[in-house]
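Scroll down for the structure; my scribbles are underneath it.
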Amino acid sequence: MSIDCTEIQSPGLLVFPEKVKQNIAYVLSLVDGDPNRLRPHIKTHKTKEVNDLLLEAGITKFKCATIAEAELLALSQAPSILLSMQPTGPNIVRLANLVQAYPQSQFACLVDDLHAAQAISQIFQDNAHSIDVFIDLNVGMNRTGIIPGQAASLIHQIKSLPALKISGLHAYDGHIRDVNLEDRKVHVQRDFIEFEALVQSISSEFPDLELCVGGTPSFLVHHQNPAYVCSPGTFVFFDAGYSSLYPENSLEQALYIISRIVSKPSKTSICLDLGHKSVAAENSIENRVRFVDYPEFKLMSQSEEHGIVEVPDSESFEIGQEFYMIPYHVCPTVALHANLQVIEDDIFTGIWEVKARNRKINI
């Protein structure tokens, strides 16, 4: 990479807007250019600027994980916002306040439990508002959701609650990430048998439900079903963790880590300003970054602000020298940074604030 780094801070993240636009265009092409088939998740980028790029591409439906992300979308006047979390405690009130504060956006949330639905219904009724809900279904991830075969009774109980309107079914399948695409297709078909059975069983009573499914890996399968609204998220920036799951010349790497040498502790090691406060550390040390120009480099250890890297000969490098990396998991990496440094034509042109990394914006 040949970037003028004079004004670029490290450790930091570099974003390439043109590549983000290419990734959006690629995903749209797989749904035949129909933006109604997409409900992208914004947890990856958490920025107003990427929201605006998605809106400019004609996308009107979005998914988010937090109240702050939902408000960030509302600040861009996103028409349809799905909170992909069953709100509890004060977050129910915050969601009701969002509905009141941003009437230009249509909000929805997930539910998978009657008591939770009753609490949501009561607060929205008390505030003289209503909200759409999507029934969250567990298709094998075993994180949230009700088993599809057990969902019909819950659906009918929720239907009777005031202030709630059932407008969709939601199924996230982040556990499906088979490297071989044919294996991924078989995996999706197997895990969605009960989901499809539920859809058929309630179709006469609920003919217009939105079927919101999948993430980035399973998008390559789900986009072929015209009945599905797909919700990939990582695609806008991409990362090393998903690179083996997509064909070459499809998604572009649109975000990189920049780091500099701060010391050379031995002949075969360098120390970068790349601690685990700068890159997601939930994976083992070998699955945190991929070095762009030096694939032989190995990240050996990290502390809060330092990263020790094994190199063939540290004397070949200078203190202050820059290195570029691809994060293995981009979503939590972005959340560690206050802003993204924008690169256009290999020149630093400004920053995008990672505004929704905070748990609260206004409400």
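The values are calculated or read from the model by the stated rules, or taken from the named source; none is laboratory data. All of these numbers come straight from a predicted model, not from anything done at the bench. FYI the Cβ positions are ideal-geometry reconstructions off the backbone, even for glycines, and counts take in every protein chain you see. Accessible surface is based on the protein model in full, side chains and every heavy atom, while ligands, DNA and RNA are left aside. Shrake-Rupley method; radii C 1.70, N 1.55, O 1.52, S 1.80 Å.
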Residues of the stretch 177-209 satisfying the condition of being touching a Lys or Arg at 6+ places or on another chain (Cβ under 8 Å) and open to solvent by less than 70 Å² (accessible area, probe 1.4 Å): Asp178, Arg184
Among the listed residues Thr60, Thr44, identify the single one that is under 21 Å from Lys360 (Cα atoms) and either at pLDDT 95 or above or in contact with a strand residue (DSSP E or B) (Cβ under 6 Å, 6 or more places away or on another chain) (or both). Thr44
Output for the stretch 131-146, where each listed residue is outside any strand (DSSP E or B) and surrounded by 15 or more Cβ atoms within 10 Å (Cβ to Cβ): Asn138, Val139, Gly140, Met141, Thr144, Gly145
State which residue is nearest to His41 (Cα to Cα) when the search covers only the stretch 92-123 and only residues that are open to solvent by 50 Å² or more (accessible area, probe 1.4 Å) and touching a strand residue (DSSP E or B) at 6+ places or on another chain (Cβ under 8 Å). Gln106
Please find, among Leu272, Leu220, the residue that is open to solvent by less than 10 Å² (accessible area, probe 1.4 Å) and of a type in the set (A, V, I, L, M). Leu272
Return the residues of the stretch 6-18 that are surrounded by 18 or more Cβ atoms within 10 Å (Cβ to Cβ) and not polar (S, T, N, Q); say none if nothing qualifies. Pro11, Gly12, Leu13, Leu14, Val15, Phe16
Would you be able to say whether some residue in the stretch 277-286 is surrounded by 13 or more Cβ atoms within 10 Å (Cβ to Cβ), outside any loop (DSSP other than H, G, I, E, B) and within 29 Å of the chain's Cα centre (by Cα)? yes
Residue in the stretch 287-326 that is farthest from His337 (Cα to Cα), counting only those that are open to solvent by less than 40 Å² (accessible area, probe 1.4 Å) and among the aromatic types (Phe, Trp, Tyr): Phe317
Pair list, Cβ under 7 Å, 6 or more apart: the stretch 153-177 residue touching a residue at least 40 places away in the same chain (Cβ under 8 Å), other residue in a helix (DSSP H, G or I) and charged (D, E, K, R): Ile166/Lys159; Asp173/Asp191; Ile176/Arg184; Ile176/Asp191
Looking at the stretch 92-106, I want the residues that are over 17 Å from Gln125 (Cβ atoms) and have a partner that is at pLDDT 95 or above and open to solvent by 50 Å² or more (accessible area, probe 1.4 Å) with Cβ atoms under 7 Å, at least 6 apart or on another chain. Which pairs are those? Gln104/Gln77; Ser105/Gln77; Ser105/Pro79; Gln106/Pro79
Exactly one of Asp32, Asp52 is open to solvent by 30 Å² or more (accessible area, probe 1.4 Å), among the charged types (D, E, K, R) and at positive phi, and that one is Asp32
